[in-house]
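Everything on this sheet refers to the single structure shown next.
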Amino acid sequence: MAHSFFATTLLAIACLSRATGASPAVFTRQANKAYEVWALDQSDSRDPANPGRQFGYGGYLHIINPANQKGSTDFSTSQIIDLSQETAALCFASTGANPVRPHMIDFSNDGRIGALAFVASGHVVHFDAATRKPVSCLRTSVGANGARQAHMASISDDNYTLVANQNGKRIERIRHDFAKGTYAWDGIVDLANCRTPSGAPCQDPTIRPDNAPICLMNPKKNSNAFITLRGGGMFVVDYKTMQIIAEYDRTVVAANGCGALEVGEDWVMIDSGGAAANGTFGYHVYRFPATGYSSRNGVNSPLPLTLQSTRDTSEKDPHSAIALKNRYVWVFDRAANTIQSFDFKQGKALGSIPLVTSLAADPTPDIADITPDEQTIFVTFRGAFPLSGDPHFSQGSTPAVGVIDIGNKDSGTLIQVLPMENIVGGVNRADPHGLKVRPLF
Ligand SMILES: *[C@@H]1O[C@H](CO)[C@@H](O)[C@H](O)[C@H]1NC(C)=O
Ligand SMILES: *[C@@H]1O[C@H](CO)[C@@H](O)[C@H](O)[C@H]1NC(C)=O
């Protein structure tokens, strides 16, 4: 959500560059690689027998470009899967509860298995991606203050999926064997009650005041899982041993930890920010090394390079990010409706890309991913009835998936907006959030 004067200014600039067709030299294009895009509508499934009613669970999975149209830019066809049907039935049979609020999606490295986290109910569903069939549904444990959630599930490797049980303040691990079709919980790090390698309490009013885990991600080449925290600070957990191997306090990583992204072989991006209760807005982007973590390092070590750290009264909310050419990072800002580019090699900020155009007045870009050929970015645009996140930032004008054509290291154009609809009682309740590009091999 942006101030309207800001939106108007950006609209004028964006239209000008679109109309003149001015574009800087483009990156060399790689051979096209096939992919499809899985995007989640968090709104509850509607009751077909009663157009004014929703079930209170379910939601919709949209699979864009489902026919493996290699190199095609016709994204008009989506397969839509109602999660209140087969998925809810499996969850109910396995856990005695229906899944609520499909929030984030991830894939195994080979794209064959998907993991979908339902944030409100704490369910994690694994899918056979090719057949779209749910193959397992597990529910997180009850943790801090009697809460259980599944904010995000990340398939670390073929053996493990890590889950951020946000309000339960736990990292939980699923052990699986994809070939045998076995899935079971097998490890917990209790972030509300544990101790760090230095002996400090994991959660502490001054060091790390609120250890709800938000995002988690491990680089492909090692088992270092980076865990961002709602109250600030960060942990690196070795997901194979489920031990904390690095501890950061909130003087190093600011509150409202959000994105965690692998950038080439060498770096991990962490961002945090958004609003504080006192009316100021934070924007923080950090470059962590991908390696060098050990429980013997001591606190806040290795230190990240801070690429940007600001807090003032202009609305901003850095959130999702994508990496380009193993070097550039584009951070999507839900509040300012922009993308800010960073050069991780040089360790500095580059230009920013406005996203407000005639295609979307207040796009409110949330979760983004990049295609394997690095030509295109898909990003969810939030709807008018946001069901997660600070409503002040999460309410958008155009529930949809935006398609961005990548120009150069800090240029790109929003070229298509693929609408999402969940019409209940004549109102579009769709609330796009999680999104992931699934490579097809
Ligand atoms: C998964 O576990 C099996 C059995 O313990 C092991 O042989 C295999 O190397 C593991 N795979 C990965 C990616 O760690
Ligand atoms: C507002 O809160 C943020 C985060 O809690 C803090 O970093 C900042 O210093 C505060 N600003 C003011 C003006 O109190």
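Beta carbons within 10 angstrom, averaged per residue: use that to sort the peptides 327-336, 54-63, highest first. Let's see the in-between values first.
Details: 327-336: 25.4, 54-63: 21.1.
Ranked from most to least packed, the peptides come out as 327-336, 54-63.
Give the residues of region 236-270 whose amide nitrogen is closer than 20 Å to a point set 7 Å from the Cα of Ala200 in the direction of its Cβ. Counting backbone N atoms under 20 Å from the label point, the list is 236-238, 243-258, 270.
Hey, any idea what Rg/Rh is for region 35-439, computing Rh the Kirkwood way over Cα pairs? If you can, show how the numbers build up before the last one.
Numbers: Rg = 19.7 Å, Rh = 21.0 Å.
With Rg and the Kirkwood Rh in hand, the quotient comes to 0.94.
State which entries of Lys33/Lys220; Lys169/Lys325; Lys33/Lys221; Lys133/Lys325; Lys220/Lys325; Lys240/Lys345 exceed 25 angstrom in Cα-Cα distance in the structure shown. If you can, show how the numbers build up before the last one.
Values: Lys33/Lys220 20 Å; Lys169/Lys325 35 Å; Lys33/Lys221 22 Å; Lys133/Lys325 33 Å; Lys220/Lys325 16 Å; Lys240/Lys345 29 Å.
Distance filter (> 25 Å) returns Lys169/Lys325; Lys133/Lys325; Lys240/Lys345.
When the Cα positions of Asn224, Gly143, Thr357 are compared along the charge dipole of the chain, Asn224 comes out farthest toward the positive end, with charges on each C-beta of Lys, Arg, Asp and Glu.
Is the shape of region 232-346 best called rounded, prolate or oblate, per the rule: a/c under 1.5 gives rounded, else a/b larger than b/c gives prolate, else oblate, with a ≥ b ≥ c the square roots of the Cα gyration tensor eigenvalues?
Numbers: a/c = 2.20, a/b = 1.36, b/c = 1.62.
Judged from the Cα gyration tensor, region 232-346 comes out oblate (a/c at least 1.5, b/c at or above a/b).
Between Ser156, Val427, Phe381, the Cα set farthest toward the positive side of the dipole of region 35-439 (charges on each charged residue's Cβ, about the Cα centre) is that of Ser156. Skipping prolines and chain starts, which residues have an amide H placed within reach, meaning under 5 Å, of the one on Ala400, given they are 5 or more residues away or on another chain? Close amide H contacts, sequence-distant or interchain: Phe381, Met420. A helix-only calculation puts the chain at -2000 deg cm²/dmol for mean residue ellipticity at 222 nm, using -39500 (n - 2.57) for each DSSP H run of at least four residues, averaged over all residues.
So which GluC sites (Glu not before Pro) in region 226-299 are both in a DSSP loop and have at most 13 other Cβ atoms within 10 Å of their Cβ?
Numbers: sites: Glu247, Glu262, Glu265; in loops: Glu265.
Answer by residue number: Glu265.
For the chain, the relative contact order comes to 14 percent (Cα pairs under 8 Å, sequence separation of at least 6). Taking label positions 7 Å along the Cα-Cβ direction at both Val299 and His392, the computed distance is 3.0 nm, reported to one decimal.
Read-outs: derived from the displayed coordinates by stated rules, not from any lab. Remember, predicted model here, so these are calculated numbers, not experimental data. With ideal geometry, Cβ positions are generated from the backbone for all residues, glycine too; neighbour counts draw on all protein chains shown.
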